[in-house]
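Data first, discussion second: the structure below is written as structure tokens.
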Amino acid sequence: MNTQLLPATDASLALAARLLADGQLVAFPTETVYGLGANALDEAAVRSIFAAKGRPADNPLIVHIHDRTQLTDICEVTESAVRLMDAFWPGPLTIILPRKETVPDVVTAGLDTVAVRMPAHPVALAMLRACKLPIAAPSANRSGKPSPTSAKHVFDDMNGRIPLILDGGESDVGLESTVISLAGEKPCILRPGGITKAMLEAVVGPVELAGSILRPLEKGEKALSPGMMYKHYSPDGQVTLIEGEESAVVEALRRLYAHAASEGHRACVMCFTEHVAALADCNPHDIGSKDDPSEVAHRLFATLRGLDDEKMDVIFSEVVPPEGVGLAVMNRLGRAAAFRTVRAEEVL
Ligand code: AMP
Ligand code: MG
């Protein structure tokens, strides 16, 4: 299949709408990451998303809409849901609600709930308006790869597998949406993202955090959010996270890099902008300022993908405090590292 990569124009949006109505797949930009969309009500079309991504069938998709009236056939809309939609839609918040029968099982992986979101990206909204369909879309990467934050990332993974990629530039947030479930007794964050716990609590009161956000699933533990599998956001190389006091971390990164390089590995460090100069001899990859977790979020997946392009096999990374947007960063970085963490003081 020939994959077209087109800037968003009236003509390419009309083409996207035709393809989606015809049961085909279109990759499109959102403010979080790029999505791979199909008509959510067309079972065969949704199946082809799983095939194109190599995605396990037990990992449900998010239904994207541009107008809340589209929810009538999709889910029950609770009072708390309305409050969250008023506060954060369009935007990077996915809400899990009890589903309606109309939604094919393939979208929800057979669960009795469905995930819904109204994205804020102008190209995503224009595409959703043009096709007038609810669009089921996961991230537009091959399963197991970091999510794509540019049209080029999508092309690298999906060339030959889908007919159209709409190019809308770099994704602003850079991490997938916050997922909150309103289907249980208390609101619960299943996946942290750009909309933080504090922002949600200001609107709906106390919100719980799923236990497995900063650790691997225990044996036999069921993933509340099926995408949060043990090693999900991963580059090909082995990532190790270094924790500890700032100057100890910089010194540990220097020693670990030197050791790996001396053993013949293609090694690098992922460090804050403030430490790039001190780590100039350690193949530094700048992840953004230590005082700006949003910048780290914005850059993270592009950095991880770059490591694969460079065929890096050993990677040592700094960490951010797991608070606010930092919680979302550490949820992804922890999985990229398969939770391999070392205390800097133990290296020195
Ligand atoms: P992706 O956009 O690729 O990150 O995939 C969508 C993610 O949304 C899934 O991996 C799940 O973590 C989450 N999700 C979608 N539907 C549900 C649901 N009904 N219950 C819990 N989590 C869901
Ligand atoms: Mg994904």
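See the values below:
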quantity: The range 69-202: relative contact order in percent, alpha carbon pairs under 8 Å with at least 6 residues between; calculated: 24
quantity: Estimated dipole of the chain in Debye, rounded to 20 [Cβ of Lys and Arg +1, of Asp and Glu -1, Cα centre]; calculated: 820
quantity: Restraint check, 53/152; 145/311; 145/219; 53/197, Cα-Cα greater than 21 Å; calculated: 145/219; 53/197
quantity: Computed [θ] at 222 nm, deg cm²/dmol, the chain (DSSP H ≥ 4; -39,500 (n - 2.57); rounded to nearest 500); calculated: -9500 deg cm²/dmol
quantity: Rel. contact order, % - alpha carbon contacts under 8 angstrom, at least six apart, the chain; calculated: 19
quantity: Computed magnitude of the charge dipole of the range 301-345 (debye, nearest 20; Cβ of K, R +1, Cβ of D, E -1); calculated: 180
quantity: Using alpha-carbon coordinates, inclination of helix 122-131 to the longest axis of the chain, degrees; calculated: 30
quantity: Residue-normalised accessible area of the range 288-348, given per residue in Å² at a 1.4 Å probe; calculated: 38
quantity: Farthest toward positive dipole pole in the chain [+1 Lys/Arg, -1 Asp/Glu at C-beta], among 271, 103, 301; calculated: 103
quantity: The range 84-190 - Debye-derived log10 I(q)/I(0), Cα point model, q = 0.15, 0.20 Å⁻¹; calculated: -0.76, -1.30
quantity: Global form of the range 1-65, assessed from the alpha-carbon gyration tensor, a/c cut-off 1.5; calculated: prolate
quantity: Cα gyration tensor, the range 262-348 - rounded (a/c under 1.5), prolate or oblate; calculated: rounded
quantity: Burial order of peptide ranges 284-290, 190-196 (average beta-carbon count within 10 Å, highest first); calculated: 190-196, 284-290
quantity: Carbon and sulfur %, accessible surface of the chain computed with the full protein complex present, 1.4 Å; calculated: 51
quantity: Per residue accessible area in Å² of the range 161-214, where ligands, DNA and RNA are left out and the probe is 1.4 Å; calculated: 38
quantity: Where the range 1-151 is the region considered: accessible area per residue in Å², 1.4 Å probe; calculated: 37
quantity: Two-site label geometry, residue 289 and residue 9: point separation in nm, points 7 Å out along Cα→Cβ; calculated: 3.9
quantity: Cα centroid separation - the range 109-144 against the range 39-56, whole Å; calculated: 12
quantity: Folded to 0 to 90 degrees: helix 10-21 orientation relative to the chain principal axis, Cα; calculated: 70
quantity: Radius of gyration and maximum dimension Dmax of the chain, Cα, Å; calculated: 20.2, 61
quantity: Simple Cβ-charge dipole of the range 1-77, Lys/Arg +1 and Asp/Glu -1, about Cα centre, in debye nearest 20; calculated: 280
quantity: GNM top mover of 314, 179, 116 - the chain, alpha-carbon springs below 10 Å; calculated: 314
quantity: Residues of type lysines that residue 100 reaches as a straight line, Cα spacing below 24 Å, ignoring anything fewer than 8 places off in the same chain; calculated: 132, 186, 222
quantity: Around residue 35: net Lys/Arg minus Asp/Glu count, Cβ-Cβ under 12 Å; calculated: 0
quantity: Residue among 329, 203, 173 with the largest mean-square fluctuation in a Gaussian network model of the chain, springs linking Cα atoms under 10 Å; calculated: 203
quantity: Alpha-carbon centroid distance for the pair the range 1-21 / the range 322-348, whole angstrom; calculated: 39
quantity: FRET E, pair residue 346, residue 51, Förster distance 35 Å, beta-carbon r, rounded to 0.05; calculated: 0.20
quantity: Three-way shape call for the range 1-120 based on the alpha-carbon gyration tensor, with the a/c threshold at 1.5; calculated: oblate
quantity: Cα long-axis angle, helix 79-88 against the chain (0 to 90 degrees, to the nearest 10); calculated: 60
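The values are calculated or read from the model by the stated rules, or taken from the named source; none is laboratory data. Model, not experiment: these values are computed from the prediction. So basically every Cβ, Gly included, is an ideal-geometry build from the backbone, and we count neighbours across all protein chains shown. For the accessible areas, the whole protein counts, side chains as well, though only heavy atoms, and no ligand, DNA or RNA atoms are used. Shrake-Rupley method; radii C 1.70, N 1.55, O 1.52, S 1.80 Å.
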